[in-house]
Structure formats: C-alpha cells, structure tokens
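Following: one structure in structure tokens, then a few remarks.
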Amino acid sequence: MSGLRIKSPRLLVAESGADLEGHGLRRTLGLFQLVCFGVGAIVGTGIFVGLSDSVGHAGPAVVVSFVLAAITCVLTAFAFAELGGAIPVSGSSYSFAYASLGERAAFLVGWCLLLEYGVSMSAVAVGWSQYLNELLGSVLGHELPAALSAAPGEGGVINLPAVVVILLAALLLVRGVRESARATAAMAVLKIAILLLFCAIGFSAFEDGNLTPFSPAGLGGIGAGTTAAFFSYIGFDAITTAGEEARNPRRDIPVAILICIGLVTLLYCAVALAAIGAIGGDEVGGRPAALSYVVNQVTGSSAGGAVIAFGAVVAIVSVVVAVMYGQTRILMSMSRDGLVPRVFERVSPKTATPVSNTLIVAAVFAVPAAFSSLDAVVDLTTIGTLATMAVVNVAVIALRRRDPGLPRTFRVPLYPAVPLLGIAFCLYLMYETGPAAWLQFGVFLLVGWLVYEVYGRRNSRFAATADTRGPKGGPAGGDAGPDAGAVPDAGAGEAATRTAEAERRA
C-alpha cells in the first residue's frame with residue numbers, strides 16, 4: 001500500500017487550513033450563496049441549448065430522461081455530500097480520491113475535472129454565443145456575422161462572443177469571491193424567474209396530443225436522451241470546491257448539494273413538459289435556441305422570445321463564472337500538492353483570489369471556445385464527468401473502510417447500496433456516449449497518466465515530506481509512504497514545515 005501515497009482526510013483539512021482560513025481565502029459564503037452558486041453552475045447551456053438535443057433523441061419521453069439523469073446525480077450527490085462534509089477543502093473530487101485511492105488516482109481525477117470544468121466552460125461559452133445572437137436578432141434585427149460568432153466547422157472563423165464571456169467571467173472572479181457570489185446569486189434568481197415565466201407561457205398553450213407518441217424511439221431513445229440530458233446537470237459538485245470559502249462547510253455543503261439537485265430536477269421536467277406540450281417534440285428537437293422559438297410560436301411575437309434569450313444570456317454567464325471558479329480551486333489544490341506548477345496556488349493578498357490561476361484558465365479554455373462547436377465537446381465532457389462521479393462513489397466505500405471513525409456530518413443512506421447504484425448508473429451513461437467518446441477519453445487519460453509520471457510523481461510535495469519523515473510516513477500520512485524515485489522539489493522545505501504544522505492541528 002505504500003506506493004499509493006494516500007493522504008489522510010485530517011491532513012488534507014489541516015494542510016488547507018479549511019478549519020481556519022485556507023491559504024489566504026476568506027470565509028464569506030453561507031447556505032443561500034452556496035445554493036445560488038450550485039444553481040448558477042448547473043442551469044445554463046444544458047437546458048437553454050441542450051434541451052433540443054435531448055428531445056431529438058427521446059421525444060416527449062425526455063422527461064423520463066431528465067429523471068434518470070437526475071437519479072444518477074442524486075445517487076452521486078449523496079456521496080459528494082458525505083465527502084464534502086467530512087473533507088471540506090477546495091479540491092472536491094480530487095481531494096476525495098487523494099484521501100481514499102491515492103495520489104495517482106487523485107491526479108487522474110483532477111485531470112478528468114479539466115473536462116468537467118474547463119472544457120465544459122468552453123461548451124457553455126459556445127451556447128452563450130447562440131443565445132446572444134438570438135437576442136440581438138430579436139431586439140436589433142441584426143445578428144453578429146457568422147464569421148465572428150461561429151466555429152470554423154459551422155461556417156465561421158472565430159467565435160468571439162464565446163471568448164468575451166470567458167474573459168468577463170475571469171475579470172469578475174479576480175475581483176473577489178464575495179463580489180462573484182453576489183453576482184452569481186443575482187443571476188441564479190433571475191434565471192429561475194425566466195424559466196418559470198417560460199413554463200407559464202408554455203403551459204398556457206399545452207395540448208395533450210403533443211405528448212404522443214410518448215417514446216417514438218423506444219428505450220434506446222430514452223437512453224440516448226438521458227446521456228444528452230446529463231450534460232444539463234454538470235456542475236452541481238462545484239459546490240464542494242467552495243469548502244475553504246464557506247462559513248460552515250461541514251453543515252452547509254451537504255445541504256446545498258441536495259437542495260440544488262432537487263430544485264433543478266423539478267425545474268427541468270417542468271420546462272421540458274411546457275416546451276413539448278406547447279408545440280410538440282418534432283418542433284423542439286434539434287432546434288437552436290429552442291426555448292425562445294417556443295415562446296415566439298405561442299405568443300406570435302418575437303418580444304417574448306427576446307425575454308427568454310436575455311434570460312439565457314444571463315444564465316449562461318453565471319455558469320461560466322461558477323465552473324471557472326471550480327476549475328481554479330481544483331488547480332489550486334493540485335498545486336499545493338506539487339502535482340501542477342506552483343503558479344496555480346498563489347493568492348492575491350489584495351483580493352484573496354488566485355489571480356494568475358484564473359487568468360491562465362481563462363486564456364487556455366478560451367481557445368476551444370473560439371474554434372470548436374458545441375457538439376464536438378459535449379460527449380467528451382459528459383464521459384469525463386461521469387468517470388469522476390463513479391470514482392467519488394468508490395471513494396465513499398474506500399474511505400468508510402479505511403477511516404470509519406472520520407467525523408461525517410452527513411452519511412450516504414442505505415450504504416453500500418446507494419454508492420454501488422451510483423457507480424452502475426454512471427457506467428451505463430458512459431456506455432451510452434458511444435465508441436468515439438470512449439476513444440477520445442482513452443487518449444485523454446493516457447496523456448494525463450504520462451503527465452503524472454513525468455511531472456506530478458516527481459514533484460509531489462507529499463512524497464517529498466514523507467521522505468523527510470522517514471519510511472513510516474509520519475503520524476498523519478496513513479499508508480502514504482514514498483514511491484521509489486520520488487524527487488523532492490524546491491518547495492520541499494516549505495512543504496515539510498507546513499505539513500508538520502498541519503499534523504499538529506490534525
């Protein structure tokens with residue numbers, strides 16, 4: 001077991017300062033802000049843009065697809081709630097894997113989180129560009145030229161609006177987490193109000209006949225629709241990345257996760273029923289900016305569609321902010337451990353935010369947003385997210401066995417059935433993404449493994465400090481003895497001092 005480099009949960013919490021103030025991060029987020037942050041991370045491109053793809057696969061049975069996708073998320077949300085309350089640090093799934101499965105698995109989880117947060121940020125920005133054009137067309141009568149608002153494969157040259165929204169989100173985040181939380185909360189409330197308005201308009205024209213045939217493509221269509229619908233839920237686990245900036249993370253993080261999943265599921269099912277009941281599944285399926293189209297058809301005017309487009313523009317901005325926040329906090333945790341360069345852990349003393357980290361993330365993921373289509377990244381993002389969620393369910397089981405006495409403010413009900421079902425649902429939806437997505441994901445994981453072996457394994461601060469303590473790994477290191485060949489980095493002395501202090505607190 002020594003080669004696994006497993007870091008105890010208590011050491012993770014103590015090193016991060018999560019019981020105090022985490023490396024310059026300030027505790028400013030309460031339960032309401034965490035719920036708004038979760039809603040902000042979830043509700044966006046998936047429902048405003050992706051609904052049409054889900055309906056195209058499943059027809060009116062897309063409601064069943066949304067429920068099945070929600071069940072997958074709920075099963076895993078229990079796991080996130082237990083681990084987020086027990087290990088309230090910024091690393092989310094990465095830190096949970098480090099505490100239960102070891103450093104190599106943790107690095108690969110962090111690598112997969114580049115898909116869930118970074119690449120999905122690019123996908124969300126592309127969806128924002130579509131609704132911005134819809135809004136400009138409704139209000140001004142003119143859209144941006146395709147050359148400046150679409151990817152090369154879709155008749156354009158560069159998607160400038162997608163780049164702009166990523167840069168705006170970065171500027172908001174570097175101002176401070178309090179300001180970002182306020183903006184995200186305001187946008188979350190607005191987007192829910194807009195979707196409720198859509199439901200009111202759609203149900204006013206509801207016709208039972210539009211729901212038949214209910215499942216035109218049968219179970220296969222529902223399965224494909226579930227995989228497509230799952231993209232609409234990506235981001236709920238971003239709440240766990242706020243572990244070091246929440247005022248009471250052990251209590252509030254589990255509650256916020258479960259509230260978000262329940263609220264979003266009800267909202268999505270209502271929106272899907274309203275859209276299909278108003279104009280029929282054939283009209284909704286495969287149509288860009290579908291919600292605006294539905295309102296225009298029902299009201300006979302472009303004004304209502306413009307309101308929905310405005311709501312989508314605001315909604316998707318909040319998603320970009322939330323997922324960029326999550327990505328920067330995960331990279332910060334990985335940087336503290338020496339697995340990625342140290343620039344990602346630096347916090348500005350003025351704004352208490354990782355400014356360099358945020359700007360690098362924005363610059364890197366603005367590139368696929370500028371030159372890729374939405375369809376090109378959705379399946380890869382989905383399979384990466386599902387793989388991470390499956391690992392989190394495994395982590396719950398592993399940590400229950402490894403550290404049964406760890407204080408847990410929330411426990412997964414019906415253990416171990418719930419995490420095992422969570423794993424099964426995740427694997428099923430991964431299977432439904434298709435061979436092309438699996439091939440892309442396999443290549444992506446191979447690259448991640450190589451990066452770990454070449455850089456992460458040799459620069460691990462945990463391995464370096466374990467070397468300074470001797471082969472037993474020290475009192476807080478658990479089973480985490482050093483790998484053969486681990487090379488202490490230049491920050492080993494600082495890391496050793498910090499770890500020693502953390503062990504005393506742990």
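The values are calculated or read from the model by the stated rules, or taken from the named source; none is laboratory data. Please read all numbers here as calculations on a predicted model, not as lab measurements. Positions of Cβ are generated from backbone atoms using ideal geometry, with glycine treated the same way; all protein chains shown enter the neighbour counts.
Observations on the structure shown:
- Answer from A162, A125, A170 - the residue that is in contact with a helix residue (DSSP H, G or I) (Cβ under 6 Å, 6 or more places away or on another chain) and closer than 30 Å to L12 by Cβ: A170
- In the set L144, L135, L115, only one residue is out of contact with any strand residue (DSSP E or B) (no Cβ under 7 Å at 6 or more places or on another chain) and over 23 Å from P288 (Cα atoms); that residue is L115.
- Residue ID - nearest to Y117 (Cα to Cα), chosen from residues in the range 239-274 that are of a type in the set (G, A, S) and within 16 Å of the chain's Cα centre (by Cα): A242
- Checking each residue in the range 353-377 for being more than 25 Å from Y98 (Cβ to Cβ), crowded, with 20+ Cβ neighbours inside 10 Å and polar (S, T, N, Q) picks out only S372.
- When residues of the range 183-222 are limited to those that are β-branched (V, I, T) and in contact with a Cys (Cβ under 8 Å, 6 or more places away or on another chain), the one nearest to G56 (Cα to Cα): V189
- The range 74-101, subset hydrophobic (A, V, I, L, M, F, W, C), outside any helix (DSSP H, G or I) and surrounded by 24 or more Cβ atoms within 10 Å (Cβ to Cβ), residue modelled with the highest pLDDT: I87
- Exclusive hit being hydrophobic (A, V, I, L, M, F, W, C), at pLDDT below 85 and in a helix (DSSP H, G or I), set I47, I71: I47
- Of the helices (runs of 4 or more DSSP H) entirely within the range 378-497, those holding at least 1 residues that are surrounded by 15 or more Cβ atoms within 10 Å (Cβ to Cβ) and modelled with pLDDT of 95 or more occupy 417-432, 435-451.
- Contacts under 7 angstrom Cβ, first residue in the range 291-318 being within 14 Å of G202 (Cβ to Cβ) and of a type in the set (S, T, Y), partner at pLDDT below 90 and in a helix (DSSP H, G or I), 6 or more apart: S292/E134; S292/G305; S292/I308; S292/A309; Y293/G305
- Residues (assigned to a helix (DSSP H, G or I), of a type outside the set (A, V, I, L, M, F, W, C) and either over 22 Å from the mean Cα position of the chain (by Cα) or within 17 Å of V313 (Cβ to Cβ) (or both)) located in the range 50-68: G56, H57, G59, P60
- Filtered residues of the range 214-245 (kept if farther than 13 Å from G46 by Cα and in contact with a His (Cβ under 7 Å, 6 or more places away or on another chain)): A217, G221, A224
- Residue list for the range 315-352, filter: buried (at least 24 other Cβ atoms within 10 Å of the Cβ) and assigned to a loop (DSSP other than H, G, I, E, B): D337, G338, L339
Rundown of residues vs (1) in contact (Cβ under 8 Å) with a residue 40 or more places away in the chain; (2) of a type in the set (S, T, N, Q); (3) under 20 Å from V319 (Cα atoms), yes/no style:
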site: V177; (1), (2), (3): yes, no, yes
site: T184; (1), (2), (3): yes, yes, yes
site: C199; (1), (2), (3): yes, no, no
site: P216; (1), (2), (3): yes, no, no
site: S232; (1), (2), (3): yes, yes, yes
site: I239; (1), (2), (3): yes, no, yes
site: A246; (1), (2), (3): yes, no, yes
